[in-house]
1. Across the protein assembly as shown, what fraction of all alpha-carbon pairs, as a whole percent, falls in each successive 10 Å bin from zero upward?
2. Around residue B:73, which amide H atoms from residues at least 5 apart in sequence, or from another chain, sit under 5 Å from its own amide H, with H modelled in the peptide plane?
3. What is the angle, in °, between the Cα long axis of helix C:181-198 and the longest principal axis of the Cα atoms in chain C? Nearest 10 is fine, range 0 to 90.
4. Give me B:76, A:162, B:58 sorted ascending by neighbouring Cβ count inside 10 Å, so fewest comes first.
5. Please find the FRET efficiency linking residue C:407 to residue C:297, where r is the Cβ-Cβ separation and R0 is fixed at 45 Å, and quote it to the nearest 0.05.
6. Can you put C:232, A:39 in order of Cβ neighbours within 10 angstrom, beginning with the fewest?
7. Helix C:319-334 against the longest principal axis of chain C: what's the angle in degrees, Cα atoms only, rounded to the nearest 10?
8. Modelling each spin label as a point 7 Å along the Cα-to-Cβ direction, I'd like the residue A:229/residue C:224 distance in nm, to one decimal.
Amino acid sequence: MTEASMHTFEIRDYLRQELMPHFMCPGCGHGIALRALLWAIYELDIDKDRLAIVSGIGCSGRVGAYIDANTMHVTHGRPLAYATGLKLARPDLEVIVITGDGDCLAIGGNHLIHACRRNLNFTCLMLNNEVYGMTGGQVSPTTTVDRFTTTTPLGNHEPGFDSCKLAAAAGAGLVGREITLQVPALKNLIKEGINHPGFAFLEIISDCTEIYGRKNQLGESPEMMLSQKASTRSDVYRNTVDQPFRPNAFETGVLARNDRAEYADNYRKHVEKTMDVLKSGD
Amino acid sequence: MAKEIEIRLSGSGGQGLILAARILSAALTASGLNVAHSQSYEPTSRGGLSRSDLVISDGEVDYPLVTELDYLVIMDQVAAHASTGLLKADAVLVIDSSRVTSPPKGTFKTHAFPLTEIARKLGSGRVANIVALGVLNGISELCTSESFELAVDDQAPRGFRELNLKAFKEGYTLATTGKAVSAPVVSLA
Amino acid sequence: MCIKKRPLSHSIGELDYDPTHLNLEVYFLPPAISADFNRNRLSVQGNHACALAAVAAGCRFYAGYPITPSSEVAEKMSEELPKVGGIFVQMEDEIASMGAVVGASMGGVKALTATSGPGFSLKQENLGYASMTETPCVIVNVMRGGPSTGMPTRPSQADVMQARWGSHGDHPIIVLTPASVDEIYMETVRAFNLSELLRVPVVLLYDEVIGHLIETIEIREPAELKLLERKWTRAPPEEYLPFAATDDGVPEMARPGDGYRTHTTGLTHGENGFPTQDPEEVDRVMRRLLSKLDRNRTIVESFELLECGDADIVIVAYGITSRAARRAVKLGREHGIKVGLFRPITLWPFPQQPFAEVAALARKVLVPEMNAGQLCLEIERLCSPPSKVSRMNRIDGEAITPIEILERVKALESND
């Protein structure tokens, strides 16, 4: 894809415009994540008819409905389970899961680690805004320590998950992270995830300005995004020694790669082997 | 009402009673009868009381669980008195006298043979269950030996085929003539 | 168990669907036993019969989680599905199994899962989603003693109400309750047919006794099974409304990849599939959803009558208890007692009209159940006066015997 053709990406071609205006709050990072996803789909030339978006419950779960594709808005925490069934039954579909930090790491945590372990060929975008936004701003498994939410009136006392380390440890084919300020980088990361022949887990650092930002006086969206940028350490600088100077940095880019067998491929081979044994008569 | 016959194979876990019941069930099915086969499902698979029940009918089986046994096979002392309450007054008992020291007493028709011992002489104590089936069929003539052979092919491990068929024949001859072909009859109760 | 395999004419290919998409050749085993050995009669365990019937009905996806006493369904599916190009997957939990089943069905493939009481509870959330999104699927619940872990290896009939009302909200659901292994086979096929045709989840509810029972069954030729398929839409995409009512109240479905690009959500949605909270629209779409079974009662309801014509005493029984009742009726008739049996095969929606006709002629109704009294509530509701209904319950993990029922029938008769 050349630089020139980037300009021909028109987001309206991929949106259900009859659903506008959308429900997202001003300043919400989810819209930027949606744009990056659609841009990646455009550049990969994925047929909208063959695209299946499976999303869970919460603000992230509502994002899927705006995409002009086969969209399934399923139950809370279960999009990875539904996607597993859908992808196994219909390998011809390009399946992409959109989930959130609560959906994916709390109620759906078991499905995440097993989706990573299975390594079935689909992509999971986890929009991490550190909070349960749709239910009014309760603490989530990624809420920063000491921050205020409606269920941590004295500040959050629980440590959070590093979802990428979790996914990598559970064996995901590809693991990556990006912030919404870096849209081209995010788009490229999503492309890499979709292209990876296995399960790709991508954490997108989004922001919830309206509820979480306001409650913690984190400023408006630009301030929140800039503070995210300040705490990232791109994989470009992976080998430089800046850790002592930026102790709170989190890494972005492709964080782990595991080229082991893809689930459906493996299943097929096992079945063929079994059938050969059965056919040989014993 | 179509005539229903109730059979229980009982003994200790690991004696192959479930396999025996499956073979018998397949043989009866092959003979054109309808069979309902149930068994105790317990977490243990070795030792302890084990049982397999068959209710057979030439029509539809009404109630598939046993209520009044026509035939009872007892392969181990542990099972000797577990089924007494279910026996018909004229029930037929097949007892492995190698392992049952005190069989149920009553008006039953008892056929006791040292089944395990006979099986060992045939080549393996593990086919005592099949010898028992042979005895049972010798008494009851519920299925043909052809259908039994098909059932063995269908249900039992192939490596045991010849031994199983020999064991069945041995049991059948025991019951019909009172004489063992390849092993001596030790006792008749 | 060696079973004669025959090509199934109703593979995914017949559903206007590319069977090679899995890159799996469709394999068939040579007959393992001589062809004249009861070609169509087999001794099969109930749970295995369910799996064999599912495959025969065109099921090509199974997701499950091990639980006694249903695991044999999964085991058999893991053996059979690969042979026909289907997919078996053991998921991380009961919830994921149900999710994967609904996901596969949204992709257009017939899907099955099996469980028992505690697992059935976990499946209820996604089962509700299937009800709401009108996604066909079949769920087997082999009932064991409860509540909680209860008695995993002992039978019960205590999920009668959970099967109907276990999920949240008003929702349509069909519950079928076979009473023999042969009936498990036929009702499994019917479960897929009803689910596909009406776009309603169907629960196959049977007790541990029937699930583990091995009985002689007839294996039907595929043509005899009269398989029904989902109504796939052929409307032009720009005119198509995924949840618009048709004559029978069941909307036509669009398969992903066919150019419709629909939205499916568990949120209350309008005819276009998108969320709505407009009271008028919500009322209309919810009434249409809930009316599907009423409008199709004649094909959903199934029951059996035994000696009900002149019966003074009618027994209402299902599952293993109905087998005891069947013998009790025959024994009772031998004693000159005018006793009959009404056996629902479709448990929900309960065949209320046919039952009401039988019950109106009876002076007494007896409801033996292996629970503390569940179906009797529905029976009392349908009988006038309700006081003519007697309950008979066992909750000790043992089946109710024919003699026990006969004794109660005799007592009811002599109490006049």
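1. Bins of 10 Å from zero give 2, 12, 19, 20, 17, 13, 9, 5, 2, 0, 0 percent of pairs.
2. B:8, B:9, B:10, B:94
3. Its long axis makes an angle of about 50 degrees.
4. Placing the least packed residue first, the sequence is B:58, A:162, B:76.
5. For R0 = 45 Å, the calculated efficiency reads 0.80.
6. Ranking C:232, A:39 by Cβ neighbours within 10 Å, fewest first, gives C:232, A:39.
7. With rounding to tens, the tilt is 30 degrees.
8. Calculated label separation equals 7.3 nm.
Just so you know, all these numbers are worked out from the coordinates, no wet-lab data involved. The structure presented is a predicted model; accordingly, all values stated were derived computationally and were not measured. Every residue, glycine as well, gets a Cβ built from its backbone with ideal geometry; the counts of neighbours run over all protein chains shown.
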